[in-house]
1. Is it the case, given these coordinates, that VAL2 is modelled with pLDDT of 95 or more and open to solvent by less than 90 Å² (accessible area, probe 1.4 Å)?
2. Please work out if GLY79 is open to solvent by less than 40 Å² (accessible area, probe 1.4 Å), touching a residue at least 60 places away in the same chain (Cβ under 8 Å) and assigned to a helix (DSSP H, G or I).
3. Taking the residues in the range 41-50 that are surrounded by 17 or more Cβ atoms within 10 Å (Cβ to Cβ) and outside any loop (DSSP other than H, G, I, E, B) as candidates, determine which candidate is nearest to the chain's Cα centre (by Cα).
4. Report yes if some residue within the range 110-118 is more than 13 Å from the chain's Cα centre (by Cα), of a type in the set (D, E, K, R) and modelled with pLDDT of 95 or more; otherwise report no.
5. Just to check your reading of the model, which residue among LEU185, LEU228 is open to solvent by less than 50 Å² (accessible area, probe 1.4 Å) and assigned to a helix (DSSP H, G or I)?
6. Looking only at residues in the range 110-137 that are more than 23 Å from ILE73 (Cα to Cα) and among the small types (Gly, Ala, Ser), which one is surrounded by the fewest Cβ atoms within 10 Å (Cβ to Cβ)?
7. Please determine, by comparing only the residues of the range 159-182 that are part of a helix (DSSP H, G or I) and among the hydroxyl-bearing types (Ser, Thr, Tyr), which one is surrounded by the fewest Cβ atoms within 10 Å (Cβ to Cβ).
Amino acid sequence: MVDVTAEQYIQRLEALTSLVELEKIHRYFKTGEGEYAEDNIFMGVRMGSNFALAKEFVDMDLDEIEKMLDSPIHDVRVGALSIMGKQFNKKKTTAARRKELFDLYIRRTDRINSWDLVDLSGHHVVGGYLYDYDQPRDVLYDLARSKDWWERRIAIFATLYFVRKGDLDDTFEIAEILVHDDHDLVQKAVGGLLREAGKTDQKRLLDFLDHYAKTMPRVELRYAIEHLTPQRRQHYLGLKDS
């Protein structure tokens, strides 16, 4: 891999910071006391600029990527996870390197503790590895039962890769595990994945909703029914209210 470093990446990020962007970020993320992003430090870099920089550093070695994951700065970890996703999807990336990226991701979920960090590359690095290399999916069920909400979000979000391949079983099975999760960022992910799975198999989505609509969290239900007809949306919301 190309000899580029975490230090070089951070130096380039510093040149992209903006006070205006930092103010936007603090309004967008929940950084107050007791909120999910309370401990995150933000530099104030636009996501698009960070992604463009990650493309330049796509061949970074794993040790340097892990240094970025270790950073307390949110923007740096965004860069690390963007690099991981881009490197995983690069045509010339070997199967051995993809496994290393997967292993690093799973080993360092402690640093992937925000919804946007999960969503950057969880479906590629985790879902893509498990699907493309026909690996056992037990790890997703272990994550689904984690005490940490971001690991539970990883479990369901990784199945987006499966859904896009028409493979829905794990999405519905993990959704059943998480259907009554108490964290809104898990609820939104579950609802969103149910919605996406329903594009391929609406009957299976409707069967799930027939069973769970009355008891599942409202935000999760709203995400899940988003692409249904107005009549069906009204029906399932009515079950929730009854």
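The values are calculated or read from the model by the stated rules, or taken from the named source; none is laboratory data. Bear in mind that the values here come from a model prediction, so they are computed numbers and not experimental data. Cβ placement follows ideal geometry from the backbone for every residue including glycine, while neighbour counts extend to all protein chains displayed. Only protein heavy atoms, including side chains, enter the accessible area calculation; ligands, DNA and RNA are left aside. Shrake-Rupley method; radii C 1.70, N 1.55, O 1.52, S 1.80 Å.
1. On the way: modelled with pLDDT of 95 or more: no; open to solvent by less than 90 Å² (accessible area, probe 1.4 Å): yes.
So VAL2 fails the test.
2. Values: open to solvent by less than 40 Å² (accessible area, probe 1.4 Å): yes; touching a residue at least 60 places away in the same chain (Cβ under 8 Å): yes; assigned to a helix (DSSP H, G or I): yes.
Spelling it out, GLY79 is indeed open to solvent by less than 40 Å² (accessible area, probe 1.4 Å), touching a residue at least 60 places away in the same chain (Cβ under 8 Å) and assigned to a helix (DSSP H, G or I).
3. So the first thing to find is which residues in the range 41-50 are surrounded by 17 or more Cβ atoms within 10 Å (Cβ to Cβ), and the list is 42-45, 49-50.
Still in the running and outside any loop (DSSP other than H, G, I, E, B): 49-50.
Numbers: SER49: 19, ASN50: 17 Å.
Filtering first and then ranking leaves ASN50.
4. Of the residues in the range 110-118, the ones more than 13 Å from the chain's Cα centre (by Cα) are 110.
Narrowing the set further to residues that are of a type in the set (D, E, K, R) leaves 110.
Within this subset, residues satisfying the condition of being modelled with pLDDT of 95 or more are 110.
Yes, the range 110-118 contains a residue that is more than 13 Å from the chain's Cα centre (by Cα), of a type in the set (D, E, K, R) and modelled with pLDDT of 95 or more.
5. Values: LEU228 fails: assigned to a helix (DSSP H, G or I).
Step by step, each of LEU185, LEU228 is checked, and only LEU185 is open to solvent by less than 50 Å² (accessible area, probe 1.4 Å) and assigned to a helix (DSSP H, G or I).
6. GLY128
7. From the range 159-182, those part of a helix (DSSP H, G or I) are 160-164, 169-178; that's our starting set.
Adding the requirement that they be among the hydroxyl-bearing types (Ser, Thr, Tyr) leaves 161, 171.
Working: TYR161: 20, THR171: 26.
Checked the range 159-182; the qualifying residue surrounded by the fewest Cβ atoms within 10 Å (Cβ to Cβ) is TYR161.
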